[in-house]
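The values are calculated or read from the model by the stated rules, or taken from the named source; none is laboratory data. Note that the structure is a prediction, hence the values are computed from the model and not measured. Please note: Cβ atoms are built from the backbone with ideal geometry, for glycine as well, and neighbour counts cover all protein chains shown.
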Amino acid sequence: MLQSLRTLSLSAGVRTMASSAFTRQKPTPPPLNPTPLKPQPSTQPSDKNKQHSTATPKPTLITSDPITSSSRATPPHLLQRKRLPITLDETQLEENFIKGSGKGGQKVNKAVSCVQLKHVPTGIIVKTQRFRDLASNRKEARKLLSLDLDDLYNGPLSKRNVEKAKEAEKTKRSAQKAKKRLAMKMAEKEAAKNDAATSAAPCAANDNEGNSESPEPK
């Protein structure tokens, strides 16, 4: 009898625990009248503040995209602004020594003192017999080849073109000065001519008056 009561009490306790666990797992339903949310203050200025606000909007900077800009189609040799240094690589040169020609006598016409130098990558060939000895002509040939490569790679920034531009500017300025001096001389001559004409006019008028007043001879 006692055992049956114990089993009944244990089963009842287990049921109550299960029911309590089941009730705990049930979600609580939302309230029927939820509490209204408080309105947050708006960051935009009101109409009154708009009327009295004097702050001007900051201008936005528009930067050109390097990919979509017009410089995309510009060749790279036109975009460069610095002069490239020119250095000769002896492995890219073909050098030949030949007989010279022209003035200079036997030393030039019969001796092998003329130097012919070729730059293999570009195909530029220079030839010089400026000096009577071979060593000086070899240096001169490399100098001329460097100038030709400078013209090829640097274009208007090369030494030759810069010197030509300076000479052209110098001649242009001298021509402008000469033209200005000529205009000043012509203006001075014209002014002197006008002064002479104005000074001679009263003398001629006085002579005419004297001739009209003189009595006729009988």
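Under 7 Å by Cβ, and 6 or more places apart or on different chains, what pairs join a residue from segment 133-148 that is surrounded by 18 or more Cβ atoms within 10 Å (Cβ to Cβ) with one that is hydroxyl-bearing (S, T, Y)?
N137/S113; N137/T128; A141/T128
For segment 93-131, which residues satisfy the criterion of being in contact (Cβ under 8 Å) with a residue 40 or more places away in the chain and hydroxyl-bearing (S, T, Y)?
none
Taking D207 as meeting all but one of (1) surrounded by 10 or more Cβ atoms within 10 Å (Cβ to Cβ); (2) modelled with pLDDT of 80 or more; (3) not hydroxyl-bearing (S, T, Y), write down the number of the exception.
It is condition (2) that D207 fails.
Among the candidates K143, K139, single out the residue that is part of a helix (DSSP H, G or I), closer than 25 Å to G102 by Cα, under 31 Å from the mean Cα position of the chain (by Cα) and in the same structural domain as G105 (by TED's automatic domain parsing).
Matching residue, one of K143, K139: K143.
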